[in-house]
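These notes are about the structure you will find just below.
Derivation of every value follows stated rules applied to the coordinates shown; laboratory data play no part. All of these numbers come straight from a predicted model, not from anything done at the bench. Heads up, the Cβs are rebuilt from the backbone with ideal geometry, glycines too, and the neighbour counts pull from every protein chain shown.
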Amino acid sequence: MMQLPAIDYAVLAPLIILVATGLLVLLVDLVSRQAARNVLYGLGVAGCAASFAASLPLSGRTVTTLSGAFAADRFSWGFDALLLLTLAVTFLLSSLKRAEDGGSPGSYAALLIFCTVGGMIMAGAANLIGIFLGVELLSLALYILAGTGYPRQASQEAALKYVLLGSLASGFLIFGSALLYGAAGSIALADLATAAASGAPLFVAGFGLWLVGIAFKLALSPFHTWTPDVYEGSPLAVTAFMAVAVKAATFSVLARFIYTVFQHDSAALIPVWALAILSMLVGNFGAVRQGNLKRLLAFSSIAQAGYIVLALSGVGSKGLSTMLFYLIAYGFMNLGAFATISLLGDGGEEYVDIEGYRGLFFRRPWVATWMTIFFASLAGIPATAGFIGKLLLLEQALGGGPWGIAMAATLILGTLVSFYVYFKVIYQMFLPAQGQAPQFAGNAAASWVAIAVGATGVMLLGIVPQAFYLAQPYLAAASR
Amino acid sequence: MLQSPWTLVAVYFLVALAIASAMAIVPGIFTRKRPTKSKSDPYECGVPPTSALIGRFPVRFYLVAMLFVVFDVEAASFFPWAVKLRALGGFGFVEMLTFIVVLGVGYAYVWKKGGFSWR
């Protein structure tokens with residue numbers, strides 16, 4: 001008999017349920033002659049709920065399975081919950097726009113589900129192969145999803161750009177992983193710490209290449225150039241998913257890697273801090289001149305990725321809960337913002353020109369009010385989740401030595417610039433109406449549910465942030 | 001520095017770079033350029049080219065090629081399992097059944113959606 005690794009199926013249950021849901025969606029799409037999109041998306045949402053239910057017994061526990069390749073702890077649990085919520089909201093947003101799933105709702109829904117499975121693998125991956133597997137599953141599905149707005153040329157362009165640049169980044173990631181393995185003689189993250197401490201050139205080279213791959217997926221500057229085009233071309237719901245789920249999953253990988261492998265003042269991390277500073281500047285200054293709301297949110301996501309890196313500087317594992325807090329807040333405000341955008345535009349076409357939002361408040365006061373709240377939260381106005389998140393990030397960065405202080409200063413500068421960016425949109429909505437106004441989506445109940453989810457999160461985390469700390473997550477294995 | 005085993009790697013890269021650059025640059029300096037029509041034609045096994053190089057290609061070919069690669073590679077993963085069938089025992093059997101079910105769903109999807117029909 002061969003020695004097989006022990007498999008704890010309870011730990012893998014959330015993943016298995018989600019994969020099964022994806023297969024079921026494909027089969028239902030085959031069996032039902034007239035593919036009922038809402039049935040398929042409803043199945044997807046039910047799968048999210050079932051997967052979340054299966055992950056409940058895991059909350060608060062720290063277990064590993066598959067010979068230590070896959071970990072379930074409070075850290076991965078928090079990310080799994082965020083990913084599942086994002087998937088459910090994405091299904092809600094997808095049900096609104098008719099043309100955006102490429103006329104094939106079955107494969108669209110299945111790809112979204114497999115994408116989320118990839119993200120959950122990333123959140124739990126405790127070795128280099130697991131990380132790469134998750135990244136690839138997530139990316140391959142997303143390349144196709146970016147192109148599902150098929151008749152629009154911008155969507156084809158987005159898919160092509162994403163797949164070409166994304167494959168290059170995957171090459172960096174896997175080559176970096178190979179060098180890291182060469183330096184440490186092991187693929188387990190826990191074993192890389194020794195090689196990191198020795199500062200071997202092979203390790204430094206490996207980490208550098210690995211970081212390029214990760215920075216690409218996070219859209220950290222200078223590896224952000226794909227972001228505005230891909231965000232603009234992809235269908236709106238896919239863009240929302242991309243902005244939240246991909247970022248969350250990839251940050252879970254970066255955080256687990258850095259917390260497991262490095263000391264917080266390690267010189268090898270200086271490139272990470274430099275990427276963060278550059279991203280905050282490029283993202284905020286780049287957003288200033290954007291007239292397309294999706295491009296504006298793309299630059300915003302570049303800047304926000306820079307902010308989130310601050311959570312990794314500084315001493316202590318508190319940074320992990322700060323990161324999770326900011327990512328959850330970021331998820332709520334982005335999903336909310338995309339949900340309000342999805343209300344505009346009719347007949348499957350989306351409307352993303354900022355000029356068209358002129359006078360929105362006088363025609364649709366509630367849409368404009370919620371949009372104002374989500375954008376205020378992105379800017380970081382008090383009483384919203386974004387403000388508390390930035391406060392926690394600043395606190396974390398100020399404990400991180402000179403680089404932490406430099407990042408904190410850049411965050412404040414970037415926030416000042418971003419006030420102009422976000423208030424440019426808000427300002428338009430409160431100007432007197434003028435000229436041709438965009439149509440509104442007809443049956444918008446799904447978007448309103450999504451807005452309600454985002455608004456609840458933004459307000460709850462902004463006004464009673466303690467709600468989050470009742471379930472404060474941490475990485476048990478990697479406290480500094 | 002010289003004692004480091006990485007010095008040799010660095011030397012190797014430099015030599016490789018120098019040779020490759022020399023091969024790309026030196027002929028451009030010393031050759032006489034007298035292009036004729038047949039010299040600048042694309043090489044097609046020695047016969048005159050029969051059609052324009054940039055043509056439109058039915059996307060069906062790519063579909064067939066992709067499906068072939070997907071199912072061929074997955075079929076290849078049956079071989080190691082079959083060789084070690086007894087050693088892997090019941091666990092390996094159930095794992096492979098799961099794999100076949102996942103593969104089968106994909107196969108059924110492609111079939112029913114008309115991926116195999118030559119339209």
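Results, tabulated for the structure shown:
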read-out: Entries of A:Lys217/B:Lys113; A:Lys247/A:Lys318; A:Lys247/B:Lys112; A:Lys390/A:Lys424 with Cα pairs more than 29 Å apart; value: A:Lys217/B:Lys113; A:Lys247/B:Lys112
read-out: Largest to smallest principal axis extent of the C-alpha atoms in region A:40-187, angstrom; value: 49, 38, 17
read-out: Kirkwood hydrodynamic radius of the protein assembly as shown, Cα pairs, Å; value: 25.9 Å
read-out: Normalised contact order of region A:266-475, rounded percent, pairs of Cα under 8 Å and 6 or more residues apart; value: 32 percent
read-out: Contact order normalised by residue count of region A:82-145, Cα under 8 Å, 6+ apart, percent; value: 31 percent
read-out: For A:His224, A:His264, order by how many other beta-carbon atoms lie within 10 Å, fewest first; value: A:His264, A:His224
read-out: Residue exposure sequence - B:Cys45, A:Cys115 - by fewest surrounding Cβ within 10 Å; value: B:Cys45, A:Cys115
read-out: For residues of B:105-115, the mean tally of beta carbons on other chains within 10 Å; value: 3
read-out: Packing-based ranking, highest mean first, of A:351-360, A:278-287, A:212-221, A:162-171 given that Cβ atoms within 10 Å are counted; value: A:212-221, A:278-287, A:351-360, A:162-171
read-out: Residues A:Ser300, A:Ser59, A:Ser95, sorted so that the one with the fewest Cβ neighbours within 10 Å comes first; value: A:Ser59, A:Ser95, A:Ser300
read-out: Inter-label distance, nm, simple model (7 Å from Cα along the C-beta direction), B:Val26/B:Trp118; value: 5.1 nm
read-out: In nm, spacing of pseudo-spin labels at B:Phe57 and A:Phe362 (7 Å Cα→C-beta vector); value: 5.7 nm
read-out: For region B:6-112: span of alpha carbons on each principal axis (Å, largest first); value: 71, 51, 21
read-out: Residue-averaged beta-carbon neighbours from other chains (10 angstrom radius) around B:4-12; value: 1
read-out: Among B:99-107, A:363-371, the order from most to least packed when residues are scored by Cβ within 10 Å on average; value: A:363-371, B:99-107
read-out: Listed peptides A:373-383, A:78-88 by packing density, highest first (mean Cβ within 10 Å); value: A:78-88, A:373-383
read-out: Directionally averaged shadow of region A:266-475, computed from the convex hull of its alpha-carbon atoms, nm²; value: 11.8 nm²
read-out: Alpha-carbon Rg with Dmax, taken over region A:162-228, Å; value: 12.9, 39
read-out: Of every Cα-Cα pair in region A:288-387, the percent that sits beyond 21 Å; value: 40 percent
read-out: Region B:11-29-region B:88-107 distance, computed between alpha-carbon centres (Å); value: 51 Å
